[in-house]
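Nothing in this text is a laboratory measurement; each read-out follows from the coordinates by a stated rule. Computed from a prediction, not measured in an experiment: that's the story for all the values here. For neighbour counting, all protein chains shown are included, and Cβ atoms are generated from backbone atoms with ideal geometry for every residue, glycine included.
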Amino acid sequence: MYDTVIIGAGMSGLAAGIRLAWYDQRVCILERHTTIGGLNSFYRLNGRNYDVGLHAVTNYAPKGSRKGPLSRLLRQLRLAWDEFGLVPQIGSVIEFPGATLAFSNDPKLLESEIARAFPKQKDNFKKLRSAILDYDELDDDKGRQSAREMVSQHVADPLLVEMLLCPPMFYGNARERDMDFGQFSVLFRSIFLEGLARPFAGVRLILKKLVRKYKELGGELRLRAGVSRLDVEGDRVVRILLDDGSEVLARKVLSSAGWLETMRLCSDLSSAGPRTPGQLSFAETMSVLDAQPKALGCDRTMVFFNDGPALHWEKPAELVDVHAGVICSPNNFAYDEPPGDGLIRVTCLANYDRWAVLSPDEYRRQKLRWYDEMLASAVRFVPDFRHRIVDTDMFTPTTIRRFTGHVNGAVYGAPDKHPDGTTHLSNLFVCGADQGLVGIVGAIISGIGMANRHLLTPT
């Protein structure tokens, strides 16, 4: 009998496991796949290493800082700042027709850029920033209000409103067409006020540190151990059935699989209440270059682009929506020497339903087509790097579905979040994206928070 079983060896599950094992709980993490990481994993193809999911770590804090989410999670997990090896961004931009805003890990840059590009909105932006800093995450009513409406109450220029919404939308919003003001405030702070960084060795460095810490504390990690059902009696999970027919017993269960995905595991599914799946997924291209991106004029860390005055944040009718996206170079961080080959990634919204019905041959053809379409869209906003490509790869919403189990390949989960992590069962809890925290730092804090709140206390 375990004290806690954790479903999923992603960032939130591993962080929760460390926290519980530190306090001598008997903990087991069950992972369906052969590797760890979930939405933020890694793989090797044609002799090259690729990250999945990670563009950058948000909520950056410099070494020695005692404030902010990153510093807090390092203290909670008893990890040193150097163990993550974070390197800050060089600088990023938001590109819309007729307007460009640069930003970096210095919030003053964005403020000065708004004063330059939108001089009449300079004071309004300061008021918006103050409202975001004053936002109380416990104020549920204010948090659920429309971000577009709340931002527009402070910022009068519709184009600036859309530009400020763009990076938070791409880096954490599960709701179509709009987002909750609470989620916007959290993401605005993490991207614009705290900033972006990247571990020198990519996401694998963070994952390996978490796994090593977890195992050193006595935690058990079982790969190829997918959960097929949670048997429920009364208001409790009484046993966990695995895909191979075996069973596991635990006093408490923490799931990072997603809200809807977790509810579908419960044998008393009908009592769990209504569930609305997320609809937003992505396609992403990886282009390996024969030179560093900066040598080709692609010198920004991120380019968030949109080719119209309004950002249409919804599941596209086509397989991929190339009108907006993110161009990321993992090489363009403040390294002394960039690691590995030059690489540019392009990410756009994509339609899971349309990808999921393609035959294998048609799927391969459409990947080739949309790889070209996505790059053609991207080079409207950065120097054309296509003639320097030496290797490629691409993932689609069906890839996300296959390796994460998320319904519809919904990267950020369902639109309705469960901030307290509780379910209809007294000993089943959720963490991760559907608890409401996204990104690497958010996922880790989610795991820590749910462990502290629900799993380190008596049932």
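In table form, for the structure just shown:
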| quantity | calculated |
| --- | --- |
| Links that overshoot a 27 Å alpha carbon limit, given the list 63/127; 63/142; 67/142; 252/417 | 63/127; 63/142 |
| Under the Karplus curve 6.51 cos²θ - 1.76 cosθ + 1.60, θ = phi - 60°, whole-Hz ³J(HN,Hα) for the stretch 34-48, x wherever Gly or Pro sits | 8, 9, 9, x, x, 5, 10, 10, 8, 8, 10, 9, 6, x, 10 |
| Kyte-Doolittle mean at least 1.6, axial Cα span of 15 Å or more - DSSP H helices of the chain | 439-450 |
| Order of 43, 2, 412 - criterion: other Cβ atoms within 10 Å of each residue's Cβ, fewest first | 43, 2, 412 |
| Label point distance in nm, residue 100-residue 386, each placed 7 Å from Cα along Cα→Cβ | 2.1 nm |
| Nonlocal amide H pairs with residue 10, under 5 Å, H built at 1.01 Å | 37 |
| Leading residue at positive end of dipole, the chain (Cβ point charges), from 320, 207, 232 | 207 |
| Rough spin-label spacing in nm, given labels placed 7 Å along Cα→Cβ, for residue 133 and residue 244 | 5.4 nm |
| Whole-Å distance, taken between Cα centres, linking the stretch 1-26 and the stretch 281-311 | 37 Å |
| Long-range amide H partners of residue 195 with built H, under 5 Å | 59, 60 |
| Residue order, fewest to most surrounding Cβ atoms within 10 angstrom, among 294, 417, 120 | 120, 294, 417 |
| Charge dipole (debye, nearest 20) of the chain; +1 at Cβ of Lys and Arg, -1 at Cβ of Asp and Glu | 960 debye |
| The stretch 161-227 versus the stretch 347-399: alpha-carbon centroid distance in Å | 24 Å |
| Residues in the stretch 1-24 that a label on residue 426 would reach, taking backbone N under 19 Å of a point 7 Å out along Cα→Cβ | 2-5 |
